[in-house]
Structures are given as C-alpha cells and as structure tokens.
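The values are calculated or read from the model by the stated rules, or taken from the named source; none is laboratory data. Please read all numbers here as calculations on a predicted model, not as lab measurements. Neighbour counts run over all protein chains shown; Cβ positions are idealised from the backbone, glycine included. Remember, those area values only see protein heavy atoms, side chains included, never the ligands or the DNA or RNA. Shrake-Rupley method; radii C 1.70, N 1.55, O 1.52, S 1.80 Å.
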Amino acid sequence: QSEPLGELTRELLERIEAHLEALDKYNLIANIRGTSPGEVARKLSRGTVLRGMDGPTISTVIPPLSEETGMYAISLIVPKSKLYKAVDELRYIGGSGVCVLPVTYVFEPESARWTRLRKEVFGES
C-alpha cells in the first residue's frame, strides 16, 4: 500500500521541482539560413546567450517544392532576464520569425528533491 503513496509523492515532488526550474525560462524558436547545421551552430556561438541549456537544437526546414534549401529552425531555452538580448542576437545573425514560448516544466534526469527525500526518510543511498 505504501508503493502507490511513494509513486504519488515522487510524481508530486518532480512536478513541483520541474515547474520551479521552468518559472523564469523561455523557449525561443527561429529560422536561420545556412549551408549546414554546423554553419548555423557557428553563427549561434557568436552570441553570448544563444547556447540554451545543453546547446541549441538545430533542425532542417523542408522548403516548398518551388523554394531553395538552406533554412534551419533553431530552438533554445533562455532565462527571462536574457530574453530580449537573445532575440536581438538572433536578429543580428539573420534569425527570422522568432517565436517565444513560456516553459512550463524542466525535468532533469533525476529529481534532486526525491533523491534527498529517499535518503533522509528511507535511508537509501
């Protein structure tokens, strides 16, 4: 009977922790022209806040049949305090169609609060 309670406790702790981690973060999505994902990554590395949490995500945009190729979509997470600077840096390197979305949750590989609770309450290592 304690197993369902433990799972519920874990889920609640993880959701709270992930939400608190996300409170001041925004996801920026933009289009950038380039010859390759590597070139786009080099453009992004020129900015001071365009690195995201673990680096930017760069994806190929599939153009309509009549259009040329070479467009990439980038996505990165930035803190609220650096939001406008990131938008400005994206514009400077040729970013267009910049969309800004609030982040609701950031789930890390393991919940620090759940790990600490297991250690303190259950004596687990």
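See the values below:
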read-out	value
Mean Cβ count within 10 Å, highest first, over the residues of peptides 62-71, 19-28	19-28, 62-71
Set of lysines with alpha-carbon distance to Lys82 below 21 Å, sequence-local pairs under 8 removed	Lys25, Lys43
Virtual spin-label span in nm between Thr57 and Lys119, 7 Å along Cα→Cβ	3.1 nm
Dimensions (Å) - the chain, Cα atoms, principal axes, largest first	62, 33, 23
Area of Ser81 that stays accessible when all protein chains are in place (1.4 Å probe, Å², to 10)	110 Å²
Whole-percent carbon and sulfur share, accessible surface of region 1-67, 1.4 Å	55 percent
Computed helical MRE - 222 nm, the chain, DSSP H runs ≥ 4 contributing -39500 (n - 2.57), nearest 500	-13000 deg cm²/dmol
Arg15 accessible area, assembled protein chains, probe 1.4 Å, Å²	120 Å²
For Glu14, solvent-accessible area (1.4 Å; no DNA, RNA or ligand), Å²	40 Å²
